[in-house]
Amino acid sequence: MGSEVGRRSASTGRGHPFEYFDFIYSGDVSSQASESTTVVPPDDTEALLDLSRFLDQVGWPTALLGHDGQTVPLPMEAHRVLVTVVASMRSGKAVTIAPLNQRLTTQEAANFLGISRPTLVKLLDRGEISFERPAAGRHRRVRLDEVLEYQMSMRVQRRATLDELTAKAAELGLYQ
């Protein structure tokens, strides 16, 4: 299986904003979509600032220009991802891209949700989040899309509760 590793190039010139990143592919490049990839921001974020300003000014539709002059339109979804990735990296955050069907350990899922592993296990036992057990194993695996679905349902539930509390407070004249 191939893996993609993000690293800063040795070049520090002020040429093209993407010049800071080289990607080293080993193995079959088509397998990249089935693995998670993490890229850390460069130490010098000046190129990211340039790219961010460019994306803000140009907006969408946008196109990519290859070194051979070939132009390829950038789909709106890819443009949104690029804007988000650049903004995150500008603020010093590493960015991970993972397929929705990726299986997480219970610790990874708990970390993702910002809860303890024992709390996650209780959610699994109550059936609030689906999980799988490998055929011969005792360890559980949780799909990323299941974790994201649970996270979204909790967000919706919290919003509904907050709206309800706000309405009650307004009725009592405690909230204006």
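Points worth noting:
- Segment 31-79: GluC sites (Glu not before Pro) in DSSP coil with no more than 16 other Cβ atoms inside 10 Å: Glu35
- Within segment 67-176, the chymotrypsin sites (Phe, Trp or Tyr not before Pro) that combine a DSSP coil assignment with at most 13 other C-beta atoms in a 10 angstrom radius are Tyr175.
- Scaled to the globular estimate 2.2 N^0.38 Å, the Cα spread of segment 58-176, given as radius of gyration, is 1.55.
- Low-density loop positions, trypsin sites (Lys or Arg not before Pro), segment 41-104 - DSSP coil, at most 16 other Cβ in 10 Å: Lys93
- Placing +1 on the Cβ of every Lys and Arg and -1 on the Cβ of every Asp and Glu, with nothing else charged, gives segment 68-123 a dipole about its Cα centre of roughly 320 debye.
- Estimated dipole of segment 25-132 in Debye, rounded to 20 [Cβ of Lys and Arg +1, of Asp and Glu -1, Cα centre]: 440
- Pairs of Cα atoms in segment 65-112 fall into 5 Å distance bins, from 0 up to the last occupied one, in shares of 5, 15, 15, 17, 19, 16, 6, 4, 3, 1 percent.
- Additional length obtainable on full extension of the chain from Asp125 to Arg90, 0.36 nm per residue less Cα span: 8.6 nm
- FRET efficiency estimate (nearest 0.05) - Cβ-Cβ, Ala135 to Val72, R0 41 angstrom: 0.45
Since every read-out is calculated from the coordinates, none of them should be taken as a lab result. This is a predicted model, so every value here is computed, not measured. FYI the Cβ positions are ideal-geometry reconstructions off the backbone, even for glycines, and counts take in every protein chain you see.
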